[in-house]
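Below is one structure, written out as structure tokens, with a few remarks after it.
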Amino acid sequence: MTGATAPVAIDGVGSVSSVTFVTSVTPVVAEISAIEASLFAFVVLTALATAFARDVLAAVIIFGAYSLGMAALYTFYRAPDVALTEAAVSAGVTTVLLLLTLAKTTRIDHEAAFESVNYPAAGAVGLLFAGLAVTMADVPAVGSPDAPVWGNPDVSQWYLAETYARTGVENTVMAVLAAFRGFDTFGEAVVVFAAGIAALIVLRREVFA
Amino acid sequence: MSVVDATLAAGYTVGDFLLVVAAGFVILAIGMLYRAVKGPTMQDRVLAVNVLGTNTVVILAILGAALGEPTFLDIALVYALLNFLMAIAISKFTVERGGVL
Amino acid sequence: MSDADASDRDADAGRGGDAETADVDSSASAGRLDSETRQGPPYTESQVIMSTVKVVAPFAFTYGLFVTFHGGGSPGGGFQGGAITAAVVFMIAFAFGIESTRQWLANTVVVALAVGGTLVFAGLGLVPVARGGAFLQYDLLPLPYLDPVKYGMEAVEIVGIAPIVSGVLVGLFFVLARGFNGEGSGPPIGERGYLGSTSEDAEPAADGTDETDETDDPNSGSAGQPATDGGAR
């Protein structure tokens, strides 16, 4: 079954990339729904506010709000594993650890609410953004069945079809993490472990307690 | 012909309606964001983030219903349980700086 | 952990079981909510926070375990479940005092979680290698009566990744709450070695004549110290 769809998918990929490059981004913009547009606005606003907030504590608080929007966005794009990670790590861990770090450092009271813009840095970021935005015209639309990441019968469809038969678990994300690329996950776990040791070394302590 | 009948006849489903409702909640969140960013005192920001968290729980639940994915409620549950932690962490920090935190 | 246990333990810690911080210079941390000068009566927090944490923490802990154990059938897995479980510890620490939580969850427990998870993960990967397969080739795991692939993956998630994440996050929380200079534990940074003294071995270091002599002698300074300190030096 997957083999039969292979030539169709490859043809679709080629035609979609050429067509979208010619017709620019206008049809893509028209397809954005209200929930997507509002979530994007929320995320961009919180990200800008985090970057420009003068007070570090305010920046941490707004960063918590940013993660709320990102989790909703991940959820809308049907990536519940990523959304769950975002929820658990940001709401539970990152904010608390950042606040603890703030409590151990000195916080300066600022008069102004926002940072002044550093124009060379802003120009560099703008150039990077423009360079990335050029490539957006070639990216297939979200949820497009012709997208290479979805239509490829040898990768995505293979994992979705074969996960349960080969591993016995239903969550493909977990199967990929723990079985198909288990050595990478082992490296990630060791990185987390090394992060704890690095914190001990940086803070010059030998015990966590 | 009522509004509901008209929308149903036009081919819109309950899921579409719920997505519009979720978008409305996100717009409310953007309004609340003003208080989180501007908020003259930290208490304003704490309250704003708490309301934003509750709002997100509602948005996630609506998204789960609209997209037909009951597992999205798991994420909403995580936020419902951990939003409280974020609120008390920030509020303890602001009440007595250098205290427990 | 029941609610009554937590509050009892908290009360004990507040009354004078504060062995670790007993020798800490109290002037450095005077005025802190968790310092022993203000912790004469049991650590108290706002009634709202304490009672809400008593209600919420068991549910959040159970949910963290659910996310960990049910990662194969629903979103989640070891990383997310470990993070939620660690967040429960943060919650308890906010409500009942970081020092009390530090004594409840000793350094040994935190380190055992992180190290044990890493060792279990590495062991599960290396057992198939020893049997002539590849790293993490689950079907070579010697599991009788069970599907080795499925239960090997679950073991990696539950016994491997989740303890690593929760242990490291709780450890980060404790070590960040202690601060850079340990809040009066041990001499200032300039007077100690690269891995500075902690509050436990500050006293033997003061008895010895020289710091470098002590590190050369394997027998000195080890009496009464936790094993982790002696091993790290």
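Each residue, C:Asp139 and A:Ala130, gets one label point 7 Å from its Cα in the Cβ direction; the gap between the two is 5.5 nm.
What's the exposure ranking of C:Glu157, A:Glu115, going from fewest to most Cβ atoms within 10 Å?
Numbers: C:Glu157 26, A:Glu115 13.
Ranked by crowding around the Cβ, least crowded first: A:Glu115, C:Glu157.
By the rule of a C-alpha distance below 29 Å, with chain neighbours fewer than 8 residues away ignored, the lysines paired with A:Lys104 are B:Lys38, B:Lys92, C:Lys54. Of the trypsin sites (Lys or Arg not before Pro) found in the stretch C:76-160, those in coil by DSSP whose Cβ has at most 14 other Cβ atoms within 10 Å are C:Arg131.
Estimated purely from DSSP H runs of n ≥ 4, each contributing -39500 (n - 2.57), the mean residue ellipticity at 222 nm for chain B is -28000 deg cm²/dmol once divided by its residues.
Rounded, prolate or oblate: which fits the stretch A:23-141, taking a ≥ b ≥ c as square roots of the Cα gyration tensor eigenvalues, rounded meaning a/c under 1.5, else prolate when a/b beats b/c? Taking the square roots of the gyration eigenvalues as a ≥ b ≥ c, the stretch A:23-141 is oblate. On the basis of the beta-carbon distance and an R0 of 22 Å, B:Arg35 and A:Ala47 show a calculated FRET efficiency of 0.80.
Inter-chain Cβ neighbour count for C:116-129, averaged per residue, equals 2 (cutoff 10 Å, partner chain atoms only). GNM remark for chain B: springs join alpha carbons under 10 Å apart, and the peak mean-square fluctuation among B:Gly31, B:Gly64, B:Gly11 falls on B:Gly11.
Placing a pseudo-label 7 Å from each Cα along the Cα-to-Cβ vector at C:Gln47 and A:Phe40 gives an inter-label distance of 5.0 nm.
With a cut-off of 12 Å between beta carbons, the residues surrounding B:Val46 carry a summed charge of +2, where Lys and Arg count +1 and Asp and Glu -1. Cβ-to-Cβ counts within 10 Å put A:Phe183, C:Phe94 in ascending order as A:Phe183, C:Phe94, the fewest first. For a paramagnetic label modelled on A:Phe114 (point 7 Å from Cα along Cα→Cβ), amide N atoms under 18 Å away belong, within the stretch A:34-71, to A:41-63, A:66.
Placing pseudo-labels 7 Å out from each Cα toward the beta carbon at C:Val109 and A:Phe183 gives an inter-label distance of 3.7 nm.
Applying 1/(1 + (r/R0)^6) with R0 = 30 Å to the Cβ-Cβ distance of A:Ala122 and A:Ser33 gives a FRET efficiency near 0.45. Exposure proxy for A:Asp184, C:Asp147: other Cβ atoms within 10 Å of each Cβ, ordered fewest to most, give A:Asp184, C:Asp147. Between B:Asp44 and B:Val14, the C-beta separation translates, for a Förster distance of 35 Å, into a calculated FRET efficiency of about 0.45.
No value in this document is a laboratory result; all are computed from the given coordinates. Nothing here was measured: the structure is a model prediction, and the numbers come from that model. Reconstructed Cβ throughout: ideal geometry from the backbone, glycine too, with neighbour counts over all protein chains shown.
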